[in-house]
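First comes the structure, then the notes that go with it.
The values are calculated or read from the model by the stated rules, or taken from the named source; none is laboratory data. Owing to the predicted nature of the structure, the values given are computational and were not obtained by experimental measurement. A quick note on method: Cβ atoms are made from the backbone with ideal geometry, for glycine too, and the neighbour counts reach across all protein chains shown. When the accessible area is computed, the model is the full protein with side chains, heavy atoms only, and any ligands, DNA or RNA have been set aside. Shrake-Rupley method; radii C 1.70, N 1.55, O 1.52, S 1.80 Å.
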Amino acid sequence: MPDTQAPTSTITKKPSGKSGAAAKPTACILCAQNCGVTVQVNEQQQITRVLGDEKHPVSQGYLCQKASRLTYYQDQARLTSPLKRQSDGSFAEISWDQAIKEIADKLVAIRDTHGGKTIAYAGGGGQGNHLGGVFGSATRAACDTPFFYSALAQEKTGNFWVHGKLFGKQNTNFSEAVAEADYILVIGANPMQSHGFAKARSAILDIAKNPRRTLVVVDPRVSETAKKADIHMAVKPGKDAFLFAAMLGVLVQEKLCDSDFLAKHTVGYERLQGHFEKVPVDEYAAIAGVDATAVRQVARDMAKAKTVGVRSDLGIEQSHNSTLNAYLMRLLFLLTGNFGKHGTNCLHTAFMPLIGHSPERDEGGPKTAITGMHGICKLFPPNVLPLEIDSDHPGRTRALIVESANPLNSYPDIEAQRKAYAKLDLMVVIDVAMTETAQAAHYVLPAASQYEKFESTFFNLEFPENYYHLRHPVAEPLANTRPEPDIHHDLVCAMGELPKKFPLLKALVKLDRKLPQLRLLPMALGVTFKLHPKWAKYASLVLKATLGEVLAEKRAKTGAAPLGNYDVASVLWFASHAYAKKYAKQVRRAGLTSSGYMLGEELFNKVINSPSGLILSRHTHDEHWELMRHPDKKVHLYIAEMCEWLDMLPQKAQRDAERDKAYPFNLMAGERRSYNANTILRNPEWRKKDKSGALKMNPSDAARLGIANGDWVNCRSNRGAIKLQVQLTVEMPDKVVSMPHGYGLRYPGANNSEETIGAQANLLSDLKDCDPLAKTPYHKNIAVNIEPLAKSA
């Protein structure tokens, strides 16, 4: 498939106009925090003003500088018609009916000829765009495929696998009590720029000003957060596991572990103990590049602190030993007893789980045909996707559906991804804009923007209070676009899996809404699925076509909001009843008064009628251990595979020391800066500074290479080279350079030309450079060389 630009007639920009409308509550979509905001929208449906929403139950009016630029998201180049690739590589506009029928027919043909496992799905919702992903599961069910490739699977699946071992299920997660703890470790994260927890900047600044609290930052770079720290442990890139092992060695060897906590809440310490008793603390500290005195001080201070909170992120999740890093980092707060009490990391509830639980390799479960990769939390890693496509194996991936994602920018090894996609029999992209990935597709379907439909995030990671926010649309949908749930609904029906309407069931639902205490809806659904068992796997669509339509029609009559895609709120009926049943006592603590079945109804009504979000439940810390998923309600500390990896660290250090001399620099790719977020914001004008995405470099390295501030260089890996402008800064250690993510996006410029500003980091990454277990890429450890360019370049 040639990489050919779509015709400019399919790309439009809404005209500018004056503001004056009332503020409407919604949320920011530029990071996982999804802070509540209020926006003003003009007659041209542009967002003209963004403020923090003081009514949001978690962010409470907090706002960072990125959210104020959301105007550039709603007012951007948009797709306005379904597109089909022609034989010459160009695109032609087609009708929705034609697009849905042709795509459905091709999916059925591939499924029935080669099997559903030859179809894959990637994406499933950009930041805060998760309701579309829920309905995407129906399309996967119709295709009969388990293969769901996700950004989470190139970031967090090592964590999730460890959680499955420690806590009992891979979809058991914990909150990070940075704002409440006395002693705070921030590891591989930069909350002053990347946030990651509620009101992050305010929390870090409060900690920095409080002499009774201690902030420790583990980061190779003197980041914005490290500048606020009491202790900065400048670990060498990729050597975090040695640092954590040394700290744990101090705790075990000096008998500083919390024995009472371990006896009451854990099992397996006695099997773990010996592995850390033999850790050479001073040697590992030296390998990590951190003074052994500081290592011992931090470990001892953690052991005696009243409360410890730990925040970690991609710095250790996309680095060497990433799954081992996840395990050792968690042992730091577990062995010191800093878990499950106020001011420490705690498990939390999930209103609608973002991920699932996959069986272990020896327990069966689906695996990919070429690489034999098993899912973790029912997700598969983008690192193996090209290998599953670019093969002559009869079970190779032949069709790919990409929704609200841009793999040809954000997945590892872009050239390997591009080469593989060209071999697909069918590639469908669902998005708001003509992304790099869309330009390589056979069909492109235009979606409504995240502010033109009902949407939500399932990043609800709080304890003891947890919340949920169903965002209402603030702008009218652009003509001829459709929200993703409608697209999935049409596809499943066109594939012959489900009727579009259920008139009898809908009639019962109308009566149920008048008399919910009769429980007609669950009984009617039960009978329907008993008579038509195949429909059960499309329960979200059945509910959308019945309860959803009834709710939407009722709301339209009141004039309370645009009709929009309010029918998608119907899936929250399932979630509300399940949550209220499981956490009835805690839901009532949040202010509801009903009991039994009607508590679920009350929660559902509150969820769909709280445009700024709501507190779902209030737990006590005594109830924390009820959230543990092991039957004995204890943490299972010993993980055999991880202890084996720990024992092999000396050999790992030797291999790292022998790394190819041709690439002496360590590139930390994907740095989060003031004006980069993800590939959702494509217009480069949204950036107030750093518009080209500079390569940060230490002045001593630059002087040795004859490079001055502002010069251009080639940054070269074994996979390719990109051109970057250098920014000299002492925040970078020697032989370490850094660049941001989210650049290199094509965008319409003047006179219908296209501009590409900045470089794509994933042109340098290699599919092979990834964690052996989770396949998370080593984006923070890309071996590169820096080549000065002529001054005129």
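To keep it simple, each residue is scored yes or no on (1) surrounded by 17 or more Cβ atoms within 10 Å (Cβ to Cβ); (2) modelled with pLDDT under 95; (3) of a type outside the set (K, R).
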site	(1), (2), (3)
T546	yes, no, yes
R555	yes, yes, no
T558	no, yes, yes
L563	no, yes, yes
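Considering the range 139-160 alone, what residues qualify as being more than 15 Å from the chain's Cα centre (by Cα) and surrounded by fewer than 24 Cβ atoms within 10 Å (Cβ to Cβ)? Spell out how you get there, then give the answer.
Our first condition is that a residue be more than 15 Å from the chain's Cα centre (by Cα); within the range 139-160, this holds for 139-147.
Within the range 139-160, R140, A141, D144, T145, P146 qualify.
For the range 401-426, how many residues meet the condition of being in a helix (DSSP H, G or I) and not basic (K, R)? The total comes to 10.
Only helices (runs of 4 or more DSSP H) wholly contained in the range 174-261 count here; list those with 1 or more residues that are among the aliphatic types (A, V, I, L, M) and in contact (Cβ under 8 Å) with a residue 60 or more places away in the chain.
Values: elements: 191-194, 200-209, 240-253.
Result: 200-209, 240-253.
The rows are residues; the columns are (1) of a type in the set (A, V, I, L, M); (2) over 23 Å from Y638 (Cα atoms).
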position: T293; (1), (2): no, yes
position: A299; (1), (2): yes, no
position: A303; (1), (2): yes, no
position: K306; (1), (2): no, yes
position: G309; (1), (2): no, no
position: K341; (1), (2): no, no
position: F351; (1), (2): no, yes
position: P359; (1), (2): no, no
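Counting only helices (runs of 4 or more DSSP H) that sit wholly inside the range 490-550, those with at least 3 residues that are under 25 Å from W96 (Cα atoms) are 539-543. With respect to the conditions (1) under 30 Å from A229 (Cα atoms); (2) open to solvent by 70 Å² or more (accessible area, probe 1.4 Å), S738 lacks only one, and its number is (2).
Against the numbered list (1) in contact with a Phe, Trp or Tyr (Cβ under 8 Å, 6 or more places away or on another chain); (2) assigned to a helix (DSSP H, G or I); (3) not polar (S, T, N, Q), L354 comes up short only at (2). Inclusion of A77 among residues that are modelled with pLDDT under 90, more than 28 Å from the chain's Cα centre (by Cα) and closer than 30 Å to F458 by Cβ is not warranted. Collect the residues in the range 357-389 that are part of a loop (DSSP other than H, G, I, E, B), under 23 Å from the mean Cα position of the chain (by Cα) and surrounded by fewer than 18 Cβ atoms within 10 Å (Cβ to Cβ), keeping them in residue-number order. Once the filter is applied, which keeps residues that are part of a loop (DSSP other than H, G, I, E, B), under 23 Å from the mean Cα position of the chain (by Cα) and surrounded by fewer than 18 Cβ atoms within 10 Å (Cβ to Cβ), the range 357-389 yields P359, E360, P366.
Scanning the range 126-134 for residues that are closer than 13 Å to L426 by Cβ, part of a loop (DSSP other than H, G, I, E, B) and either aliphatic (A, V, I, L, M) or under 24 Å from the mean Cα position of the chain (by Cα) (or both) turns up nothing. Among the residues of the range 41-62, just one is open to solvent by less than 30 Å² (accessible area, probe 1.4 Å), farther than 11 Å from V474 by Cβ and among the hydrophobic types (A, V, I, L, M, F, W, C), namely V58.
Beta carbons closer than 8 Å, at least 6 apart along the sequence or on distinct chains, pair a first residue in the range 711-725 that is within 14 Å of N666 (Cα to Cα) with a second that is open to solvent by less than 40 Å² (accessible area, probe 1.4 Å) and of a type in the set (D, E, K, R) for S717/D766; N718/D766. Within the range 267-288, if we keep just the residues that are outside any helix (DSSP H, G or I) and more than 34 Å from the chain's Cα centre (by Cα), the residue that is surrounded by the fewest Cβ atoms within 10 Å (Cβ to Cβ) turns out to be K278.
For the range 483-502, a tally of residues being surrounded by fewer than 21 Cβ atoms within 10 Å (Cβ to Cβ) and within 17 Å of G125 (Cβ to Cβ) returns 1.
Against the list (1) open to solvent by less than 20 Å² (accessible area, probe 1.4 Å); (2) among the small types (G, A, S); (3) more than 25 Å from the chain's Cα centre (by Cα), the condition A694 fails is (3). Counting only residues that are among the polar types (S, T, N, Q) and touching a residue at least 24 places away in the same chain (Cβ under 8 Å), which one in the range 742-785 is most open to solvent (accessible area, probe 1.4 Å)? Taking the candidates together, the pick is N752.
Regarding A399, is this residue farther than 18 Å from R85 by Cβ and buried (at least 24 other Cβ atoms within 10 Å of the Cβ)? Here the answer is no, as A399 does not meet what is asked. The single condition among (1) assigned to a loop (DSSP other than H, G, I, E, B); (2) open to solvent by 20 Å² or more (accessible area, probe 1.4 Å); (3) touching a residue at least 12 places away in the same chain (Cβ under 8 Å); (4) charged (D, E, K, R) that D392 does not meet is (3).
Among the residues making up the range 90-124, those that are open to solvent by less than 20 Å² (accessible area, probe 1.4 Å) and either modelled with pLDDT under 95 or polar (S, T, N, Q) (or both) are T118, G123, G124.
This table checks each residue for (1) under 26 Å from the mean Cα position of the chain (by Cα); (2) in contact (Cβ under 8 Å) with a residue 60 or more places away in the chain; (3) under 23 Å from A23 (Cβ atoms).
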{"residue": "N565", "(1), (2), (3)": "yes, yes, yes"}
{"residue": "S570", "(1), (2), (3)": "yes, no, no"}
{"residue": "A575", "(1), (2), (3)": "yes, yes, no"}
{"residue": "S594", "(1), (2), (3)": "no, no, no"}
{"residue": "E602", "(1), (2), (3)": "no, no, no"}
{"residue": "S612", "(1), (2), (3)": "yes, yes, yes"}
{"residue": "I615", "(1), (2), (3)": "yes, yes, yes"}
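Here are some residues: A440, A422. Which one is touching a residue at least 24 places away in the same chain (Cβ under 8 Å), open to solvent by less than 30 Å² (accessible area, probe 1.4 Å) and of a type in the set (G, A, S)? Walk me through it before giving the result.
Working: A422 fails: open to solvent by less than 30 Å² (accessible area, probe 1.4 Å).
The unique qualifying residue is A440.
Here V607, V635 are screened, and the one residue that is within 30 Å of N325 (Cα to Cα), of a type in the set (A, V, I, L, M, F, W, C) and in contact with a Ser or Thr (Cβ under 7 Å, 6 or more places away or on another chain) is V635.
When you check R311 against the structure, is it closer than 21 Å to V178 by Cα and assigned to a helix (DSSP H, G or I), yes or no? Considered against the rule, which asks whether it is closer than 21 Å to V178 by Cα and assigned to a helix (DSSP H, G or I), R311 comes out as no. Note on the range 47-66: residues that are within 15 Å of F197 (Cβ to Cβ) and in a strand (DSSP E or B) total 0.
Is it fair to say T38 is over 17 Å from F459 (Cα atoms), touching a residue at least 12 places away in the same chain (Cβ under 8 Å), touching a strand residue (DSSP E or B) at 6+ places or on another chain (Cβ under 6 Å) and open to solvent by less than 30 Å² (accessible area, probe 1.4 Å)? Step through it out loud before you land on a result.
Numbers: over 17 Å from F459 (Cα atoms): yes; touching a residue at least 12 places away in the same chain (Cβ under 8 Å): yes; touching a strand residue (DSSP E or B) at 6+ places or on another chain (Cβ under 6 Å): yes; open to solvent by less than 30 Å² (accessible area, probe 1.4 Å): yes.
For T38, the condition - over 17 Å from F459 (Cα atoms), touching a residue at least 12 places away in the same chain (Cβ under 8 Å), touching a strand residue (DSSP E or B) at 6+ places or on another chain (Cβ under 6 Å) and open to solvent by less than 30 Å² (accessible area, probe 1.4 Å) - is met.
Listed by first and then second residue, the pairs with beta-carbon distance under 8 Å, at least 6 apart or on different chains, first residue in the range 350-377 and among the aromatic types (F, W, Y), second at pLDDT below 95 and surrounded by 14 or more Cβ atoms within 10 Å (Cβ to Cβ), are F351/F458; F351/N460.
Sub-8 Å Cβ pairs linking a first residue in the range 67-93 that is in a strand (DSSP E or B) to a second residue that is among the polar types (S, T, N, Q) and crowded, with 18+ Cβ neighbours inside 10 Å, at least 6 apart or interchain, are R78/S449; R78/T481; L79/T10; L79/T481; L83/T10; F91/T10; E93/T10; E93/S81, ordered by first then second residue.
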